[in-house]
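Engineer: What follows is a single structure, and I will ask about it in a moment.
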């Protein structure tokens, strides 16, 4: 080879395409193989680096499109905020179809919906709201302050029989302009803001519907709303059962438009049918009431979202209807004999946490109660023994023997000339014995005949009346010794047996029935005889809860974003429509509850919450059991669900605008 070939002054020329083509003929067989391998490796490296670069500098983002099918047990009836609170199904649909002044975010906090601003005046007695001017109903009409006022006045009018009426009594609403309103309360309230999560109905649709026709209007099932979605279609089967309702993304929504184009709600008669549909892949999501059904589902087909719901289940004791529950020691023994962990693990599959207080300290950040009732079966037995409840007849259940006080007792010294009720009772008693008072006259006047009857009585029972006094004949005067014998003969004391038994009523729903039977078993261990009764939710409310016709009640209560125990525990709420299911009365508790509502200072409110719970727990008007998780199951294709706390099951849709199905990749520098 010429040594000058690569001379530093020789210009280098890149081989031409023709020269590259001749390269394989120049190279040997092994050299060609090496070259081919190097080319493949170079291509792979290029592809790898390009892909890595692409994924590093791009991101998946949600895009509009896709449809979601949810399964629900029940039937829609009133997709109308005036009545929707009566049904989970109606609340679910109302949540997506109607707007409100305020709403809940994914963490259960209050945030603005159509409100642009609000101002609280006079320490919570006046609330003023400004609203958005670009809100349109799905028929194109504009939403104004008139719609808000019409909604509230409809609810307040007793002719419409809205279940929300009690929440709005005494609240005046005034129009300040087309886009500004004022609420005036009778008393300052720190919890009124939650009232403004009320969904609004369009005045122009409903104003001409008479109160008696309101529940029957076609708009209850084909609503005109202004939410993120609007009604599309309803399908029934031949028997009239509503099989599905489809809603679609609103074309003129005032806020961030949802990604999912269409949501279809399919309705089922029971949870068993819903589970079958889920296993067949006919629905994309659903919520569970009976947690035992989880084991029937393939573990990889649905993502289980455990959402916190500020609710608790408890057994409420109606002391007005049960003598045995009126005894504080019995109520405390029942609390101590309740194994809450066993109920949570065996019936709720662990998807709940134990509750000892009605203000849920774990959720709202309050201090735990100063004392709670820890499970201790032997301690419960000791309390009952000390209270006089024992198994006297050996049947396994306890009872208490109580000496009944006579209805009447002689307390005065009686003699000739006296008159009145005691003389009348004396004559009634002596008249029972013809040998003592043959005349048997009931006059109320102590005359000679009555005196003679007393003498005969004294001499008949001389050993008890006369001899201790050293007398041989009667005096006719009713003194202490005569009075004592008269009380013994005329009004003998009796003994009452108070069995340790009572009834428990709950909703005819499998999970609650299991809880009730578990309590029956646990309390039987300490000698309590419990009768479990069940009823449908409508029958329970009508026949038991409204008239307070139960001895004990297993039921749930839901708190708000701002916890307000007032409706559940203030003595003014003992009767319907109040929710004081234990018929509880305590002046200290009333004071704390009133202060909670009036105060805006968080520390003061917190102190009153904690004082309230400590007094209440000491009185033991209920057995607080558990706060269940809200289980929401969706297929993995449904993404963007970030909800952690909801105030009501329907609020699982509070973050619906961020749910998505479809995605695409975009360069990071193009992202907003």
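Any read-out appearing in this document is the output of simple, stated calculations on the displayed coordinates, not a laboratory observation. Just so we're clear, the structure is a prediction, and the values are computed from it rather than from any experiment. Backbone-built Cβ (ideal geometry, glycine too); neighbour counts: all protein chains shown.
Engineer: Once the Cβ-Cβ distance between residue 598 and residue 47 is put in as r, and R0 is 60 Å, what FRET efficiency do you end up with, to the nearest 0.05?
Structural biologist: 0.30
Engineer: Taking 7 Å along the Cα-to-C-beta vector as the label spot, tell me the residue 185-residue 109 distance in nanometres, rounded to one decimal.
Structural biologist: Label at residue 185, label at residue 109, 2.1 nm between them.
Engineer: Rounded, prolate or oblate: which fits region 565-605, taking a ≥ b ≥ c as square roots of the Cα gyration tensor eigenvalues, rounded meaning a/c under 1.5, else prolate when a/b beats b/c? Mind dumping the intermediate values first?
Structural biologist: Details: a/c = 3.22, a/b = 2.08, b/c = 1.55.
Here region 565-605 falls in the prolate category.
Engineer: If we sort 591-604, 462-475 on the protection proxy, mean other Cβ atoms within 10 Å, highest first, what's the order?
Structural biologist: 591-604, 462-475
Engineer: Enter the angle in degrees (range 0 to 90, nearest 10) between the Cα long axis of helix 17-26 and the first principal axis of the Cα atoms of the chain, meaning the one along which they spread out most.
Structural biologist: It works out to around 90 degrees.
Engineer: Sticking with this structure for a sec: For region 279-313 and region 44-98, compute the distance between their C-alpha centroids and round to whole Å.
Structural biologist: With region 279-313 and region 44-98 each reduced to a Cα centre, they are spaced 17 Å.
Engineer: Using only Cα atoms, find the angle between the long axis of helix 448-460 and the longest principal axis of the chain, and express it within 0 to 90 degrees, rounded to the nearest 10.
Structural biologist: Roughly 80 degrees between the two axes.
Engineer: For residue 658 and residue 342 in one chain, what is 0.36 nm times their gap in residues minus the Cα-Cα distance, to one decimal in nm?
Structural biologist: 109.9 nm
Engineer: Peptides 319-329, 490-500, 641-651: what's the order by average Cβ count within 10 Å, highest mean first?
Structural biologist: In descending order of packing, they fall as 641-651, 319-329, 490-500.
Engineer: Go ahead and run the numbers for FRET between residue 57 and residue 257, Cβ-Cβ distance against an R0 of 25 Å, rounding to 0.05.
Structural biologist: 0.35
Engineer: While we're here: Taking a virtual spin label 7 Å from the Cα of residue 222 along the C-beta vector, which residues in region 67-111 bring their backbone nitrogen under 17 Å of it?
Structural biologist: Of the residues in region 67-111, 76-80 have backbone N under 17 Å from the label point off residue 222.
Engineer: Further question on the same structure: Place a point 7 Å from the Cα of residue 372 along the Cα-to-Cβ direction; which residues of region 310-325 have their backbone N under 20 Å from it?
Structural biologist: Hits in region 310-325 for residue 372 at 20 Å: 310-317.
Engineer: What's the ranking of 180-186, 55-61, 393-399 by average number of surrounding C-beta atoms within 10 Å, highest first?
Structural biologist: Top to bottom by mean Cβ count within 10 Å: 180-186, 393-399, 55-61.
Engineer: Okay, moving on. With everything on Cα atoms, drop me the angle between helix 29-56 and the longest principal axis of the chain, reported from 0 to 90° to the nearest 10.
Structural biologist: 40 degrees
Engineer: Still on this structure, please answer the following. By count of other Cβ within 10 Å, fewest leading, how are 267, 317 ordered?
Structural biologist: With the fewest neighbours first, 267, 317 line up as 267, 317.
Engineer: Going 7 Å from the Cα of residue 270 along its beta-carbon direction, which residues of region 514-555 have the amide nitrogen within less than 12 Å of the resulting point?
Structural biologist: none
Engineer: Shifting gears a bit: Hey, rough spin-label estimate for residue 666 and residue 126, points 7 angstrom out along Cα→Cβ, what's it come to in nanometres?
Structural biologist: 4.5 nm
Engineer: What order do you get for 305, 204 when you list them from fewest to most C-beta neighbours inside 10 Å?
Structural biologist: 204, 305
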